[in-house]
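Before any comments, here is the structure.
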Amino acid sequence: MSLITKSKSSEQAVIKCESLYKIFGDNPELMLKKSLDSVNAKEFQDAGYVVGVNNASFEVYKGDMLVVMGLSGSGKSTLLRCISRLTEATSGKIFIDGEDLLSMNNKQLIELRRNKMGMVFQSFALLPHKTVLENIAFPLQVKGSSTEDSIKKSMEMVELVGLSGRENYFPRQLSGGQQQRVGIARSLAVEPDIWFLDEPFSALDPLIRKEMQDEFLRLQSILNKTILFVTHDFDEALKLADRIAIMKDGIIEQLDTPANIVLNPATEYVRKFTEDVPREKVLKIESVMDPLKKSEKLSNLKVPYDALIEDVAEDVLSQSKPVGVLDGNQKVIGVVYSSKVISVLFGKRTSNENKNM
């Protein structure tokens, strides 16, 4: 558990799902009712049904990034499409800022999507006959903004995603990464509170993909959106997520922080999914931090409590003295010893060790 936590008890969830099901097939509501809400994917499959989402319940709070991941067919994209109501759920409840999404009529749903939701998909879906600027401005014009206002806002988005100088290019003149930036800018132009992204970087080359992940984290640090991000890439999930939901056969096997999922897998499936992940990629300095002793002499080097061990290990190990750990206010709140970092990098993973971290 994090030593520095953010209380959610007094907040209203931006996204809330309760016992959400999506079953594909003939009259799935009746089949679900007969099962008494206890869905066995294999039994449903034998009866001619496909279980997309199976009893999903969770909450996402303002500014959080929940990454939903799993193998192909696990139900991750179906879950996202149900929450955005691009696909109708079979049963359950979905709330957006406390409003019942499933009871909304078409007019209310359109208003919600125009004003609160931004969506980015694997397919860039850019309009080939429109320039970068025109593509970004398009949803604003659909929303009713004037040409002058939409162009002004679009130029702001061009600058935000690093495409200045290319605003008059057509999609065919851009690289894959640049095209995806246009898609991201277009989804952000309407200033959504909630951002849905379904494998947005999976079609990109590895180097461009890494650049887009870095760009995405930069944007989130500025915009602080509430995000549901779908991917099949575990390394991508570890890099981006505040929390990860791992799905299998429509079931959320575990929803937790990246560190807890790797160190304390809830099911055998999750354990196999995560067993080869290096701990330094998910553990933060706060996980190996010790209390600060008044008389202790520290190195001049200081590291933030939320830095990944992987990112600061070399610097810490180069010091002859213990290294101070800083909180968000740049105050020293603890100390990290080289021996602890060495243990993470080279020690054997044991149950007791996991409990102590």
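The values are calculated or read from the model by the stated rules, or taken from the named source; none is laboratory data. None of these values were measured; they are calculated from a predicted model. All Cβ positions, even for glycine, are placed from backbone atoms using ideal geometry, and neighbour counts span all protein chains on display.
Annotations for the structure displayed:
- Consider region 122-139 and keep the residues that are under 24 Å from the mean Cα position of the chain (by Cα) and surrounded by fewer than 17 Cβ atoms within 10 Å (Cβ to Cβ). The one that is nearest to residue 77 (Cα to Cα) is 123.
- Qualifying residue in region 280-301 (condition: over 29 Å from residue 322 (Cα atoms) and not aliphatic (A, V, I, L, M)): no
- Boolean, residue 32 is over 25 Å from residue 198 (Cα atoms) and hydrophobic (A, V, I, L, M, F, W, C): yes
- Pair list, Cβ under 7 Å, 6 or more apart: region 294-313 residue not assigned by TED's automatic domain parsing to the domain that holds residue 327 and of a type in the set (Ser, Thr, Tyr), other residue modelled with pLDDT of 90 or more and surrounded by fewer than 12 Cβ atoms within 10 Å (Cβ to Cβ): none
- Considering each residue of region 185-195 in turn, at least one proves to be among the polar types (S, T, N, Q) and either surrounded by fewer than 19 Cβ atoms within 10 Å (Cβ to Cβ) or under 30 Å from residue 12 (Cα atoms) (or both).
- From the list 297, 293, the lone residue that is part of a loop (DSSP other than H, G, I, E, B), under 24 Å from residue 333 (Cα atoms), of a type outside the set (Ser, Thr, Tyr) and at pLDDT below 90 is 293.
- For region 76-98, filtering for residues that are of a type in the set (Gly, Ala, Ser) and within 16 Å of residue 32 (Cβ to Cβ) leaves 3.
- The one condition from (1) in contact (Cβ under 8 Å) with a residue 40 or more places away in the chain; (2) over 27 Å from the mean Cα position of the chain (by Cα); (3) part of a loop (DSSP other than H, G, I, E, B) that residue 334 does not meet is (3).
- For region 246-257, the criterion of a residue being out of contact with any Cys (no Cβ under 8 Å at 6 or more places or on another chain), of a type in the set (D, E, K, R), at pLDDT below 90 and under 26 Å from residue 81 (Cα atoms) is satisfied by no position.
Yes or no, residue by residue, for (1) at pLDDT 90 or above; (2) among the hydrophobic types (A, V, I, L, M, F, W, C); (3) surrounded by fewer than 19 Cβ atoms within 10 Å (Cβ to Cβ):
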site	(1), (2), (3)
86	yes, yes, yes
97	yes, no, yes
103	yes, no, yes
143	no, no, yes
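- Verdict on residue 230 being over 28 Å from residue 89 (Cβ atoms), crowded, with 19+ Cβ neighbours inside 10 Å and of a type in the set (A, V, I, L, M, F, W, C): no
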